[in-house]
Amino acid sequence: HRTSVVIVGAGPAGLTVGSVLRAAGVDCVVLECETRAFIETRPRAGVIEEWAVRALEERGLADHLLKRAERHSACEFRFAGERHRFDYTEVTGGRHHFVYPQPLLVTDLVREYADVRGGDIRFGARDVRVKDIDGDRPTVAYTCPDTGRRQVLHCDFVAGCDGARGASRAALPARRVRVARHDYGIGWLALLAEAPPSADCVLFGMHPDGFAGQMPRSPEVTRYYLQCAPGDDPDKWKPAKVWEQLHRRLAAAGAPPLTEGPLIEKRVLDMHDYVVEPMAYGRLFLAGDAAHLVAPIAAKGMNLALHDAFLLGDALAAHFAGGGDAALASYSTDCLRRVWDYQEFSQWLSEVYHGVSGRDAFRAGTTLARLRRLFTSPVAAAAFAEQYLGTAARY
Ligand code: FAD
């Protein structure tokens, strides 16, 4: 079988690349190891930056999102027993965050790619192997779930969009890439509660026991995070202990009590980042978590995945339209500027979240100073809002 582009992975990155290519009339095949039902219900991210929403809209991919996503205009920091609301829409003169659960975005993108634009997508593809990316005829082999047979796809380009644990990154020659890693040395217990949010905005609780966060996802479901030891066993966190710690760490004068509910997801994330440089070699181009992981501290991962996907989709479409390869040549450099900018912000924000926990009184003092500055210095507030919301500017 021959096609122009094989896209490995049907996450936000792969499906966006596929939809852009289909709109440009380029044939492609998406290979996904899971089922459609699985990817349409896998809970993960929820915050989409306004520039990314606009970019989806320009490509005809935001109809449902614009009807159903919530627009957020503020977040609240709770520290030293007090609550401080940060109205970023006011600070930036009208910019918002969009809250739209990742499974809904993936559902919209699968429907648009496969059902509306007639894209070829193969679910349940096993043992994907990317080969011959050095030459101009790469291949991607996989085992078909129905027949158990190996299939080989011949193509011009491979888009490696298969996330942090995917197979495509392994095809990059180790001597030609560098993987930069950072480990925060902390864990987050990531929780989903079947309960309405207890505040209309994102809450950040900076507490000596550790960070706690609340991220509204929908009127029925709320995401919570609790800082914990890396590698901690989620089963040790019984519901009573989870709620006791959430109440304690998010407590502040005048704050309404949290609404409790059944915990429908409970897992420990070890907070770490990595960046693969360059993000492309030969005919293989990585996008999204396959190329870079950013701990969910600043809710940036899906936004970076979308940014890569827009650049890669447009660059490949330009190639097949005879528009030259300049955008493909600069793809990695163009993506990495935003990647490093968001990594830096996540690291900065990590210190804000975690600096008051533990026994280091000096670090706690400087962290509280950093927090207070956001509410006393308009310049500090503007800088924070710009990075928190992500900039529409090209880097
Ligand atoms: P993925 O979404 O991981 O998609 C990759 C796809 O490839 C998957 O469907 C997978 O099944 C498939 N695949 C994997 N291996 C193979 C293989 N070998 N063969 C074929 N297919 C394969 N980001 C934000 O921007 N905002 C947030 O609020 C936010 N919150 C988060 C909360 C949590 C708890 C977590 C874990 C992440 C969060 N993120 C957030 C990060 C975000 O979810 C990811 O950055 C995003 O999913 C990356 O998209 P992607 O398309 O690159 O990869």
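Taken over region 277-300, residues that are assigned to a strand (DSSP E or B) and within 12 Å of the ligand (Cβ to nearest atom) amount to 3. Evaluation of GLY185 against the conditions (1) in a loop (DSSP other than H, G, I, E, B); (2) at positive phi shows that the sole unmet condition is (1).
Suppose we filter GLY301, GLY313, GLY288, GLY324 for residues that are farther than 17 Å from GLU49 by Cβ, in the same structural domain as THR16 (by TED's automatic domain parsing), buried (at least 24 other Cβ atoms within 10 Å of the Cβ) and not β-branched (Val, Ile, Thr); which single one remains?
Answer to the check: GLY313.
Is it true that PRO103 is assigned to a loop (DSSP other than H, G, I, E, B), outside the structural domain of CYS201 (by TED's automatic domain parsing) and closer than 23 Å to ALA298 by Cβ? In short, no.
Quick one: what pairs do we get from region 37-60, first residue touching a residue at least 12 places away in the same chain (Cβ under 8 Å) and among the charged types (D, E, K, R), second more than 8 Å from the ligand (Cβ to nearest atom) and in a loop (DSSP other than H, G, I, E, B), C-beta under 7 Å, 6+ apart or different chains? Qualifying pairs under 7 Å: GLU49/GLY390; GLU50/ARG95; GLU50/HIS96.
Taking only region 118-136 into account, find how many residues are on the phi > 0 side of the Ramachandran plot and assigned to a loop (DSSP other than H, G, I, E, B).
Residues flagged as on the phi > 0 side of the Ramachandran plot and assigned to a loop (DSSP other than H, G, I, E, B) within region 118-136 amount to 3.
Taking first residues from region 332-349 that are under 21 Å from GLY282 (Cα atoms) and at pLDDT 95 or above and partners that are among the acidic types (Asp, Glu) and not in a helix (DSSP H, G or I), the Cβ contacts under 7 Å between residues at least 6 apart in sequence or on separate chains come to LEU336/GLU277.
Applying the criterion of being over 30 Å from ARG2 (Cβ atoms) and of a type in the set (D, E, K, R) to the residues of region 31-59, the residue that is nearest to the ligand (Cβ to nearest atom) is ARG44. Within region 152-163, if we keep just the residues that are away from the ligand (no atom under 14 Å from the Cβ) and either of a type in the set (S, T, N, Q) or in a strand (DSSP E or B) (or both), the residue that is nearest to the chain's Cα centre (by Cα) turns out to be PHE157.
In this structure, is GLY166 assigned by TED's automatic domain parsing to the domain that holds ALA45, assigned to a loop (DSSP other than H, G, I, E, B) and buried (at least 20 other Cβ atoms within 10 Å of the Cβ)? Explain how you work it out, then say what you get.
Working: assigned by TED's automatic domain parsing to the domain that holds ALA45: yes; assigned to a loop (DSSP other than H, G, I, E, B): yes; buried (at least 20 other Cβ atoms within 10 Å of the Cβ): yes.
In short, yes.
No other residue among ARG95, ARG71, ARG178, ARG78 is basic (Lys, Arg), within 30 Å of PRO256 (Cα to Cα) and surrounded by fewer than 16 Cβ atoms within 10 Å (Cβ to Cβ) apart from ARG71. The sole residue among ALA62, ALA74 that is touching a helix residue (DSSP H, G or I) at 6+ places or on another chain (Cβ under 6 Å) and either more than 16 Å from the ligand (Cβ to nearest atom) or among the hydrophobic types (A, V, I, L, M, F, W, C) (or both) is ALA62. Within region 172-195, the set of residues being among the hydrophobic types (A, V, I, L, M, F, W, C) and in contact with a strand residue (DSSP E or B) (Cβ under 6 Å, 6 or more places away or on another chain) comprises LEU172, VAL177, VAL179, ALA180, ILE186, TRP188, LEU189, ALA190, LEU191, LEU192, ALA193, ALA195.
For region 99-106, state whether one or more residues are buried (at least 16 other Cβ atoms within 10 Å of the Cβ), in contact (Cβ under 8 Å) with a residue 12 or more places away in the chain, β-branched (Val, Ile, Thr) and closer than 17 Å to LEU15 by Cα. Yes, the conditions are met somewhere in region 99-106.
Filtered by the rule that a residue be exposed (fewer than 15 other Cβ atoms within 10 Å of the Cβ) and either outside the structural domain of TRP188 (by TED's automatic domain parsing) or not in a loop (DSSP other than H, G, I, E, B) (or both), region 217-242 gives ASP235, LYS236, PRO239, ALA240, LYS241. With the condition kept exactly as written, say whether any residue in region 188-197 is among the small types (Gly, Ala, Ser) and on the phi > 0 side of the Ramachandran plot. No - not one qualifying residue is present in region 188-197. Within the bounds of region 137-151, is there any residue that is in a helix (DSSP H, G or I) and more than 14 Å from the ligand (Cβ to nearest atom)? The answer is no, given that none of the residues of region 137-151 is in a helix (DSSP H, G or I) and more than 14 Å from the ligand (Cβ to nearest atom).
Scanning region 362-395 for residues that are among the hydrophobic types (A, V, I, L, M, F, W, C), over 19 Å from CYS75 (Cβ atoms) and modelled with pLDDT of 95 or more gives PHE362, ALA364, ALA369.
Taking into account only those residues within region 273-307 that are out of contact with any strand residue (DSSP E or B) (no Cβ under 8 Å at 6 or more places or on another chain) and not hydrophobic (A, V, I, L, M, F, W, C), which is farthest from ALA212 (Cα to Cα)?
GLY282
The values are calculated or read from the model by the stated rules, or taken from the named source; none is laboratory data. Just so it is clear, the structure is predicted and the values come from calculations on it, not from any experiment. Methodologically, a virtual Cβ is constructed for each residue, glycine included, from the backbone with ideal geometry; neighbour enumeration extends over all protein chains shown.
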